[in-house]
Amino acid sequence: MERRVPQAAPYRALASLCYLFPVAVAMLLLPQYRAVRLLRYHAVQSIALTALSTTFTLALSLVGTLLGPLPGVGITILLGTGLGMSGVIVVGLGLATYAAVLAYDGRLTRIPLLDRWVRRWERTLEPPEEKARRKRQGSTDRLP
């Protein structure tokens, strides 16, 4: 599931720090870091994981807010949505921690629900010279 990408220790450390949201945004805004595939991939994956976790948490919060005042079942719905939001946060933090540890090891961690979208977005952000090199070499790491 993970693929090892040999990189220098500072790049691996920055890749693991990409799982802090502001660092991920900074890595994508700075061209010298965006040119390194390991940093670009983990920054995009971090932003996608944050967006997915936030979306699920907000959806559960909305359900709890709208259905919580119902008489009789409202407290059960509030309890369920509260536990659901806690679960989403714990799973999101767990996945981010797991991916950060493997990023420090120099691996590209592919989270199943996000993989295709992350690879597509990461490819759109790669520098033109890397696209040309990949096209010349006939890379097997293409999207279907």
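Where a number appears in this text, it was derived from the coordinates with a stated rule and is not lab data. Please read these numbers as outputs of a predicted model, since none were measured by experiment. Note that we place each Cβ from the backbone using ideal geometry, even for glycine, and neighbour counts take in every protein chain shown.
Structure values in brief
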| item | result |
| --- | --- |
| Hey, residue 123 surrounded by 14 or more Cβ atoms within 10 Å (Cβ to Cβ), basic (Lys, Arg), over 11 Å from the mean Cα position of the chain (by Cα) and assigned to a helix (DSSP H, G or I) or not | yes |
| Residue match in region 82-103 (condition: over 19 Å from the mean Cα position of the chain (by Cα), assigned to a helix (DSSP H, G or I) and exposed (fewer than 14 other Cβ atoms within 10 Å of the Cβ)) | yes |
| Residue among 47, 77 that is in contact (Cβ under 8 Å) with a residue 12 or more places away in the chain, under 29 Å from residue 10 (Cβ atoms) and either assigned to a helix (DSSP H, G or I) or not aromatic (Phe, Trp, Tyr) (or both) | 47 |
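Yes or no, residue by residue, for (1) more than 18 Å from residue 112 (Cα to Cα); (2) buried (at least 16 other Cβ atoms within 10 Å of the Cβ):
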| position | (1), (2) |
| --- | --- |
| 17 | yes, yes |
| 31 | yes, no |
| 43 | no, yes |
| 50 | no, yes |
| 60 | yes, yes |
| 68 | yes, yes |
